[in-house]
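The values are calculated or read from the model by the stated rules, or taken from the named source; none is laboratory data. Just so it is clear, the model here is predicted, and its values are computed rather than measured. Neighbour counts are summed over all protein chains in view; Cβ atoms, including those assigned to glycine, are modelled from backbone coordinates with ideal geometry.
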Amino acid sequence: MKKSRADEILENVQKNIECPPATQDISLNLQNRKICVEKANYGPANPELDNDVFWQQKADLFKTTTDQAKTMRCKNCSAFVIKDKMRRCIEKGICEEDMNEAAKIVDLANLGYCELFDFKCAGDRTCDAWITGGPLK
Ligand code: SF4
């Protein structure tokens, strides 16, 4: 099917969006994520599990309860960027050929971009550098 002029313009706009390199380069993203794991205890590895030890460590760090620590996640961190433009970058880096599929992946993982450590992070995870007041919309 022939593309409409509007689709062509949208495609060109999407191609020309300047994206952070880590959103387009999985190796760089993994490298930066590893730094966040090592320097700031990014996790938990699987946020769907209880992860009692992980949350107790976060509670100890912030001198609070585990219940309160569990409310401090990437999804409400000020360094978590979920602006439309950034979302398009993340989707493009995941699967430029099928942006609908990429959008589903972004939604399922609640992905945003960590401005502090420069990588795509999952909304349900957190790290020691968590900043109140987010996300950045
Ligand atoms: S700085 Fe914020 S967005 Fe980045 S990994 Fe830590 S909690 Fe997540």
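Only one residue in Glu97, Glu91 is buried (at least 17 other Cβ atoms within 10 Å of the Cβ), free of Cβ contacts under 8 Å to residues at least 24 places away in the same chain and under 23 Å from Glu18 (Cα atoms), so which one is that?
Glu91
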Exercise. Does any residue of the range 67-88 turn out to be farther than 22 Å from Ile131 by Cα and either without any contact (Cβ under 8 Å) to a residue 60 or more places away in the chain or in contact with a helix residue (DSSP H, G or I) (Cβ under 9 Å, 6 or more places away or on another chain) (or both)?
Worked result: yes
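Among helices (runs of 4 or more DSSP H) lying entirely in the range 48-107, which contain 3 or more residues that are within 16 Å of the ligand (Cβ to nearest atom)?
Of the helices (runs of 4 or more DSSP H) lying wholly inside the range 48-107, those with at least 3 residues that are within 16 Å of the ligand (Cβ to nearest atom) span 52-61, 84-95.
If I go through the range 1-30 residue by residue, how many of them are in contact with a Lys or Arg (Cβ under 8 Å, 6 or more places away or on another chain) and modelled with pLDDT under 95? Walk me through it before giving the result.
Looking only at the range 1-30, we keep the residues that are in contact with a Lys or Arg (Cβ under 8 Å, 6 or more places away or on another chain), and these are 11, 14, 17, 19, 22-24, 29.
In the following step, the residues that additionally are modelled with pLDDT under 95 were identified as 11, 14, 17.
The number of residues fulfilling the criteria is 3.
Being of a type in the set (Lys, Arg) and farther than 26 Å from Leu30 by Cβ is the filter here, so list the residues in the range 45-69 that pass it. Talk me through it step by step, then tell me what you get.
Going residue by residue through the range 45-69, those that are of a type in the set (Lys, Arg) are 58, 63.
Residue satisfying the conditions is Lys63 alone.
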Exercise. Taking the range 87-122 on its own, how many of its residues are of a type outside the set (D, E, K, R) and closer than 17 Å to Lys34 by Cα?
Worked result: 9
Seminar exercise, completed: Here the residues within the range 108-134 that are in contact with a Phe, Trp or Tyr (Cβ under 8 Å, 6 or more places away or on another chain), assigned to a loop (DSSP other than H, G, I, E, B) and more than 8 Å from the ligand (Cβ to nearest atom) are Gly123
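Could you pull out the residue among Cys89, Cys95, Cys114, Cys77 that is on the phi < 0 side of the Ramachandran plot and modelled with pLDDT under 95? If you could, list the steps in order and put the result at the bottom.
On the way: Cys89 fails: modelled with pLDDT under 95; Cys114 fails: modelled with pLDDT under 95; Cys77 fails: modelled with pLDDT under 95.
Every option except Cys95 fails the conditions.
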